[in-house]
Every structure is written in structure tokens, then in C-alpha cells.
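As C-alpha cells, the structure follows; a few thoughts come after it.
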Amino acid sequence: MLEAKIPWEFFKGQFIPASGKAVSFDIAFDDADQSGERERQFIWNGDYYFYKDPSVWGVLEFK
């Protein structure tokens, strides 16, 4: 399980959360603590090019 906070101000009024609402979403974590260079990348749903291709994103549903 992952819990994260993103301030609603980030969305600048373009998004209003509601129970049952679904949005396209993906997130990645880079492991670069030893060398400063990315050693590994963990991607929730997409592939290596998720940042260029939203068609590989998953669906995030608000509860």
C-alpha cells in the first residue's frame, strides 16, 4: 500500500475529487541512493516510457 499527499492547489481548480471518480494515473520511484544515478525504477502500471505515453497508465479510483 502507498499513501501519498498531493495538495489540491496543484490541480488549479481543474479537478474536483469525488467518490467513484476515476482518473488516468501512474507513478514511478527511482532508486539512486548509492550512486546518484538511477539504479532501478519501480513503475506502478506503465512501462519505461510512461512519462511520454499516457496510454499505458493505470486507473486511479477515488473512494
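The values are calculated or read from the model by the stated rules, or taken from the named source; none is laboratory data. Quantities reported herein were computed from a predicted structural model and do not represent experimental measurements. No Cβ is skipped: glycine too gets one built from the backbone with ideal geometry, and neighbour counts run over all protein chains shown.
Could you list, in sequence order, the residues of segment 9-28 that are without any contact (Cβ under 8 Å) to a residue 24 or more places away in the chain, outside any loop (DSSP other than H, G, I, E, B) and surrounded by 11 or more Cβ atoms within 10 Å (Cβ to Cβ)?
Those that are without any contact (Cβ under 8 Å) to a residue 24 or more places away in the chain, outside any loop (DSSP other than H, G, I, E, B) and surrounded by 11 or more Cβ atoms within 10 Å (Cβ to Cβ): Phe11, Ala28.
What tally of residues in segment 6-29 results from selecting those that are at pLDDT 85 or above and either at negative phi or in contact with a Pro (Cβ under 8 Å, 6 or more places away or on another chain) (or both)? Quick ask: steps written out before the conclusion?
Taking segment 6-29 and keeping what is at pLDDT 85 or above, we get 18-29.
Subsequent filtering for residues that are either at negative phi or in contact with a Pro (Cβ under 8 Å, 6 or more places away or on another chain) (or both) retains 18-19, 21-29.
Selection size over segment 6-29: 11.
Which number in (1) part of a loop (DSSP other than H, G, I, E, B); (2) in contact with a strand residue (DSSP E or B) (Cβ under 6 Å, 6 or more places away or on another chain); (3) not hydroxyl-bearing (Ser, Thr, Tyr) marks the one condition that Lys5 misses?
It is condition (2) that Lys5 fails.
For Ser35, indicate whether it is among the hydroxyl-bearing types (Ser, Thr, Tyr) and in a strand (DSSP E or B).
Values: among the hydroxyl-bearing types (Ser, Thr, Tyr): yes; in a strand (DSSP E or B): no.
So Ser35 fails the test.
If we scan segment 54-63, do we find a residue that is at pLDDT below 85, part of a loop (DSSP other than H, G, I, E, B) and on the phi < 0 side of the Ramachandran plot? Talk me through it step by step, then tell me what you get.
Of segment 54-63, the ones at pLDDT below 85 are none.
No - not one qualifying residue is present in segment 54-63.
Looking at segment 29-60, which of its residues are surrounded by 10 or more Cβ atoms within 10 Å (Cβ to Cβ) and among the small types (Gly, Ala, Ser)?
Hits for segment 29-60 are Ala32, Gly46, Gly58.
In segment 1-32, what residues are small (Gly, Ala, Ser) and either more than 14 Å from the chain's Cα centre (by Cα) or closer than 20 Å to Ser55 by Cα (or both)? So that I can check it myself, show each step before the final result.
Looking only at segment 1-32, we keep the residues that are small (Gly, Ala, Ser), and these are 4, 13, 18-20, 22, 24, 28, 32.
Across segment 1-32, the qualifying residues are Gly13, Ala18, Ser19, Gly20, Ala22, Ser24, Ala28, Ala32.
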